[in-house]
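The values are calculated or read from the model by the stated rules, or taken from the named source; none is laboratory data. Values in this document were obtained by computation on a predicted structure and should not be read as measured data. Quick reminder, even Gly has a Cβ in these numbers, built from the backbone with ideal geometry, and neighbours come from all protein chains shown. Heavy atoms of the whole protein, side chains included, go into the accessibility calculation; ligands, DNA and RNA do not. Shrake-Rupley method; radii C 1.70, N 1.55, O 1.52, S 1.80 Å.
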Amino acid sequence: MSMFRTPQVILFSEDVPRAAAFYAGLGFSETFRVPAEGEPIHVDLALDGYQIGIASVASTRDDHGLDPVPHGQRAAVILWTDDTAAAYAKLTADGAPALAPPHEWLGRLLIAWTADPDGNLIQLVQHLPAG
């Protein structure tokens, strides 16, 4: 029996509302917010059973004594889709950076790369038909 359950990734941001809005725009739904009113220091969002958290850099430093890195390619959020090219076109048209256009990988996947407003990588991926 495992002692752990309900894994979640937390991304650090200097602008929690902006980051939460970005993920909400991808179809994530907010499930938790602290504080409940006003400027949040932490927001959890879920999509298809996967939960991601956005935590304030300042709060993480002040409340927990940690020193998170707020920018750069520190993590990747993987989003499966039925149409990588359309998803990539939409995200980049909406202002997400165009890091790598859709390309075939391993002969069975179509992958593209962009990033969220804090520079965390977003991989868009779909299965290609066999054959």
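Hey, among the residues in the range 1-24 that are assigned to a loop (DSSP other than H, G, I, E, B) and open to solvent by less than 90 Å² (accessible area, probe 1.4 Å), which one's nearest to A75 (Cα to Cα)?
Out of the qualifying residues, it is Q8.
Quick check on A98: is it open to solvent by 60 Å² or more (accessible area, probe 1.4 Å) and either modelled with pLDDT of 90 or more or in a helix (DSSP H, G or I) (or both)? Let's see the steps before the verdict.
Numbers: open to solvent by 60 Å² or more (accessible area, probe 1.4 Å): yes; either modelled with pLDDT of 90 or more or in a helix (DSSP H, G or I) (or both): yes.
Considered against the rule, which asks whether it is open to solvent by 60 Å² or more (accessible area, probe 1.4 Å) and either modelled with pLDDT of 90 or more or in a helix (DSSP H, G or I) (or both), A98 comes out as yes.
Might you check whether a residue that is of a type outside the set (A, V, I, L, M, F, W, C), open to solvent by 30 Å² or more (accessible area, probe 1.4 Å) and farther than 24 Å from T6 by Cα occurs anywhere in the range 38-53? Steps first, please.
First pass over the range 38-53, keeping only residues of a type outside the set (A, V, I, L, M, F, W, C): 38-40, 42, 44, 48-51, 53.
Keeping just the survivors that are open to solvent by 30 Å² or more (accessible area, probe 1.4 Å) gives 38-39, 42, 48-51.
Then keep just the ones that are farther than 24 Å from T6 by Cα; that gives 38-39.
The answer is yes, given that some residue of the range 38-53 is of a type outside the set (A, V, I, L, M, F, W, C), open to solvent by 30 Å² or more (accessible area, probe 1.4 Å) and farther than 24 Å from T6 by Cα.
Can you confirm whether G27 is open to solvent by less than 80 Å² (accessible area, probe 1.4 Å), modelled with pLDDT under 95 and part of a loop (DSSP other than H, G, I, E, B)? Write out each step before concluding.
On the way: open to solvent by less than 80 Å² (accessible area, probe 1.4 Å): yes; modelled with pLDDT under 95: no; part of a loop (DSSP other than H, G, I, E, B): yes.
The answer is no for G27.
Cβ separations smaller than 7 Å between residues 6+ apart or across chains give the following pairs from the range 78-92 residues that are closer than 19 Å to A46 by Cα to residues that are in a helix (DSSP H, G or I) and open to solvent by less than 50 Å² (accessible area, probe 1.4 Å): T81/A87.
For the range 103-128, the tally of residues that are farther than 22 Å from A21 by Cβ, open to solvent by less than 50 Å² (accessible area, probe 1.4 Å) and part of a strand (DSSP E or B) stands at 5.
What do you reckon, is G53 assigned to a loop (DSSP other than H, G, I, E, B) and more than 30 Å from A130 (Cβ to Cβ)? Considered against the rule, which asks whether it is assigned to a loop (DSSP other than H, G, I, E, B) and more than 30 Å from A130 (Cβ to Cβ), G53 comes out as no.
Would you please name the residue that is farthest from L11 (Cα to Cα), looking only at residues in the range 97-131 that are among the small types (G, A, S) and under 12 Å from the mean Cα position of the chain (by Cα)?
Among those residues, the one meeting the criterion is A115.
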